[in-house]
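J.: Attaching a single structure in structure tokens format; questions to follow.
Any read-out appearing in this document is the output of simple, stated calculations on the displayed coordinates, not a laboratory observation. Only a predicted model underlies this, so the values are computations on that prediction, with no experimental measurement involved. Positions of Cβ are backbone-derived with ideal geometry, glycine not excepted, and every protein chain shown enters the neighbour counts.
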Amino acid sequence: MLLVRLAEGERRLLGRADMLLIVSELALIGLWLVGLATGSEASRAAAGMLLGGPYTAAFWVMVVAVGLLVPLAAEWLEHRHGLVPGRGAALLVLIGGFALRWIIVVAGQHAGWTSPIALP
């Protein structure tokens, strides 16, 4: 919705909702990583792909920084100082969401290919 032209009141309301949702997503990603890191051997192998493996930089830069923290800062600046980030923040959230899905799929496949767990 933030990509289309909205009235000022609608924009501010959706901006506040977006900030709440971004903070919620950051918390859920943190809990997901903790769950992976404390889970089974396969879960720990998958967590290793994001926490020091080949997908670490892509995950932290594309998903966390570009897809969540930068849009959160832009929305906060709009809310606090009346600045309008435009459509850039909404576009970055979409890019981060696509990056998250891509990394989960590719890292999951990579973990399956390199996992020492033998199939029955």
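J.: Efficiency by 1/(1 + (r/R0)^6): what FRET value for HIS81 and LEU28, r their Cβ-Cβ distance, R0 = 22 Å, to the nearest 0.05? Walk me through the intermediate numbers first.
T.: Working: r = 28 Å, r/R0 = 1.28.
About 0.20, to the nearest 0.05.
J.: How big is the convex hull of the Cα atoms of region 31-87, per residue, in Å³? Display every interim value, and only then the final one.
T.: Working: hull volume 4.8 nm³, N = 57.
Looking at region 31-87, the number lands at 84 Å³ per residue.
J.: Can you give me the three principal axis dimensions of region 8-113 from its C-alpha atoms, in Å, biggest first?
T.: 50, 21, 18 Å, listed from the longest principal axis down.
J.: Note down the relative contact order for the chain as a percent, whole number, built from C-alpha pairs under 8 angstrom at least six residues apart. Walk me through the intermediate numbers first.
T.: Numbers: 93 pairs, mean separation 35.6, N = 120.
Normalised by residue count, the contact order of the chain is 30 percent.
J.: Using a 10 Å cut-off on Cβ atoms, rank the peptides 61-68, 11-18 from the highest mean neighbour count down. Please list the in-between numbers first.
T.: Values: 61-68: 18.8, 11-18: 15.8.
By packing density, highest mean first, the sequence is 61-68, 11-18.
J.: On to the next question. Which one of LEU36, LEU94, LEU20 is farthest out on the positive end of the charge dipole of the chain, using unit charges on Cβ (Lys, Arg +1; Asp, Glu -1) and the Cα centre as origin?
T.: Among LEU36, LEU94, LEU20, the one farthest towards the positive end of the dipole of the chain is LEU94.
J.: Which length gain, in nm to one decimal place, applies between ALA37 and LEU13 when the Cα-Cα distance is subtracted from 0.36 nm times their residue separation? Please list the in-between numbers first.
T.: Working: separation 24, 0.36 × 24 = 8.64 nm, distance 3.64 nm.
Taking 0.36 nm per residue and subtracting the Cα distance, the gain is 5.0 nm.
J.: Kindly provide the helix-only [θ] at 222 nm of the chain, computed as the sum of -39,500 (n - 2.57) over DSSP H runs of four or more divided by all residues, to the nearest 500 deg cm²/dmol?
T.: -22500 deg cm²/dmol
J.: What do you get for the angle between helix 8-37 and the principal long axis of the chain? Use alpha-carbon atoms, 0 to 90 degrees, nearest ten.
T.: So the helix axis and the longest Cα principal axis differ by about 10 degrees.
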